[in-house]
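Here is the structure we will look at.
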Amino acid sequence: MLFLVRHAESIENATKYTGFYENPRPWTGPAAHALSRDVVGLTPRGFLQCLWLRETLRGLTGSDPAVRTSQYRRALDTAALALPGLPYEVTALLNEQHYGAATYMTKQELYATYPEGMEDRQTRKHLWRPPGAGGESLACGVLQRATAFVEGLHTASAADVVAFTHHTAILALRAVLERRPVTELVDEARVRKIPNAAVLAYEQAGGLFHARGTAQPDC
């Protein structure tokens with residue numbers, strides 16, 4: 001079994017439009033990305049969601065699952081709180097989409113600074129490659145990482161794997177696991193995003209993964 005877990009609610013999730021996105025942005029692109037990756041932690045609600053995850057995953061996984069997490073603090077904290085005492089492997093393959101120089105830019109500032117990418121960002125978001133060093137599109141960069149992660153699952157030492165990751169990364173992982181176009185998943189996410197701390201379960205059979213349900217927190 002593979003369990004994809006979106007990290008618990010972070011400070012960024014809770015204050016997205018009141019705390020991190022300002023116009024003009026007070027940080028450079030690299031500083032904004034470092035802030036997102038290394039500093040942003042969980043809210044009090046996020047800690048409660050981790051307690052919910054602890055009970056939920058205990059009932060879903062085997063006694064000693066292999067744990068994988070992205071390099072972002074909010075995913076690392078979720079893993080440590082949800083599965084205390086278990087070792088985990090940190091991998092960039094599970095990282096959130098890298099928004100490069102656009103990290104924490106409002107749309108207004110983004111379009112004024114990088115007008116050449118406005119049409120892709122507005123109408124072909126899956127193809128949009130954020131400007132600046134490290135910027136990656138969902139359909140190329142993130143999807144490639146998701147493919148590599150799924151292909152590497154056969155090396156896991158346990159029957160069950162729990163992967164703590166992010167919303168956009170989950171879209172790419174679902175495209176690989178469910179063999180669906182990423183555009184279809186992006187359209188679904190516009191209607192309703194995967195909630196923080198949600199668990200998506202997949203069973204491997206016959207060399208393929210099959211969706212086996214979703215658990216969502218009540219807090």
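Rolling a 1.4 angstrom probe over segment 125-219 with all protein chains present gives an accessible area of which 52% lies on carbon and sulfur atoms. Computed about the Cα centre, the dipole magnitude for segment 55-174 is approximately 200 debye when only Lys and Arg (+1) and Asp and Glu (-1) carry charge, each at its Cβ.
Between Glu89 and Glu116, the modelled labels are 3.9 nm apart [label points 7 Å from Cα along Cα→Cβ].
Within the listed set Asp187, Asp38, Asp64, the residue fluctuating most in the Gaussian network model of the chain (springs between alpha-carbon atoms under 10 angstrom) is Asp187. Dimensions of segment 85-137 based on its C-alpha atoms, expressed as ranges along the principal axes with the largest first, amount to 47, 19, 17 Å.
Measuring how big segment 110-219 is from its alpha-carbon positions, Rg and Dmax come out at 15.8, 50 Å.
Probing with 1.4 Å while keeping every protein chain in the model, the per residue accessible area of the chain equals 48 Å². What's the whole-number percent of alpha carbon pairs in segment 156-202 lying beyond 14 angstrom? Every Cα pair in segment 156-202 considered, those over 14 Å come to 53 percent. Each residue of segment 19-31 was assigned a 3J(HN,Hα) from its phi angle through the Karplus curve 6.51 cos²θ - 1.76 cosθ + 1.60 (θ = phi - 60°); the sequence is x, 10, 9, 10, 10, x, 5, x, 10, 6, x, x, 5 Hz, with glycine and proline shown as x. A cut-off of 5 Å between modelled amide H atoms, ignoring neighbours fewer than 5 places along the same chain, links Gly135 with Gly100, Ala101.
For segment 118-214, state which GluC sites (Glu not before Pro) are in a DSSP loop and have at most 16 other beta carbons lying within 10 Å of their beta carbon.
Taking segment 118-214 and a limit of 16 other Cβ atoms within 10 Å, no loop GluC sites (Glu not before Pro) are found.
The 3J(HN,Hα) values that the Karplus relation (6.51, -1.76, 1.60; θ = phi - 60°) gives for segment 85-90 are, in residue order, x, 8, x, 9, 9, 8 Hz. Gly and Pro appear as x. What the Cα convex hull of segment 27-182 gives, in volume per residue, is 124 Å³. A simple count of charges around Ala211, restricted to other residues whose Cβ falls under 11 Å of its Cβ and scoring Lys, Arg +1 and Asp, Glu -1, yields +2.
The values are calculated or read from the model by the stated rules, or taken from the named source; none is laboratory data. It should be emphasised that the depicted structure is a prediction, and the values quoted were computed from it without experimental measurement. When we count neighbours, we look across all protein chains shown, and the Cβ atoms used for this are built from the backbone with ideal geometry, even at glycine. Accessible surface areas use protein heavy atoms only, side chains included; no ligands, DNA or RNA. Shrake-Rupley method; radii C 1.70, N 1.55, O 1.52, S 1.80 Å.
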